[in-house]
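The values are calculated or read from the model by the stated rules, or taken from the named source; none is laboratory data. All figures in this text were calculated on a predicted structure; none of them were measured in a lab. Virtual Cβ from ideal backbone geometry, glycine too; neighbours counted across all protein chains shown. Just the protein is used for accessible areas: all its heavy atoms, side chains included, with ligands, DNA and RNA removed. Shrake-Rupley method; radii C 1.70, N 1.55, O 1.52, S 1.80 Å.
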Amino acid sequence: RSSDFLTIQNLTEKILQLCDDNDTFYKQYAAYKKANYLPDKEKSAEALLQALRITLPDFTINDIYKYKLSWLELTILNNYCDALCNCLSFKGTLDLYKLLEYYDLSNLDILEKKRLFSIPICCLSSALYRQKRFSELVELLPYISSPTMKCTLQFISVVLANCAQALGEVQHLDKVPLYATYAYYNLFIINSIKTAESLKKWIYDDFKIILL
């Protein structure tokens, strides 16, 4: 909302006024928060990339394996890829795959991975669903059993719901009840009752499967 953006803009300006040339982290954090609240997702993605380049001026996603990324840099990248995907950009989807490979292959601290890993999985599942790339979406199912995914009910609920519907679209109807039921009750646990009931209705309308 525009009111949220104005509030964030005012707060980030106050942070920057307190910063000197050595306060790189605070400058990057302020730039990230301001960029993430821009209402135009294309502008938000570009501003997030500029925020990342405060500490990584030559960064490109294809060279991501060269870097030992900080929590803030990974957070910015998560949001950058998500902003691109919300623009229905196929580049955003490709960048999310690169980011997932980084999470898989780098030796991240377990607590840092626990905080961050579920976000790109969730964003990628939603992007693939919007793009009707259901076969690719089903391939994300092994990630659901990851301990770092199980710790974040909000994100795993979205991934489960997207995967359940994708399984139906690729005619794996025998597997739909299991994943849809997991998604349904996870949504109840996090108090997303309307979303849970909508999922139940979609599963019945699309595949004539009744969730208990």
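Every residue in the range 1-40 that is crowded, with 18+ Cβ neighbours inside 10 Å and among the basic types (Lys, Arg), please. Once the filter is applied, which keeps residues that are crowded, with 18+ Cβ neighbours inside 10 Å and among the basic types (Lys, Arg), the range 1-40 yields 27, 34. Only one of the numbered conditions (1) surrounded by fewer than 14 Cβ atoms within 10 Å (Cβ to Cβ); (2) not in a helix (DSSP H, G or I) is not met by residue 54, and that is (1).
Within the range 58-87, the set of residues being open to solvent by 10 Å² or more (accessible area, probe 1.4 Å), part of a helix (DSSP H, G or I) and closer than 18 Å to residue 130 by Cβ comprises 79, 80, 82, 84, 86. Can residue 102 be described as open to solvent by 40 Å² or more (accessible area, probe 1.4 Å), modelled with pLDDT of 85 or more and over 20 Å from residue 173 (Cα atoms)? Criteria not met by residue 102. Within the range 62-83, residues that are within 15 Å of residue 105 (Cβ to Cβ) have Cβ atoms under 6 Å from residues that are in a helix (DSSP H, G or I) and open to solvent by 50 Å² or more (accessible area, probe 1.4 Å) in these pairs: 64/98, counting only partners at least 6 apart in sequence or on another chain.
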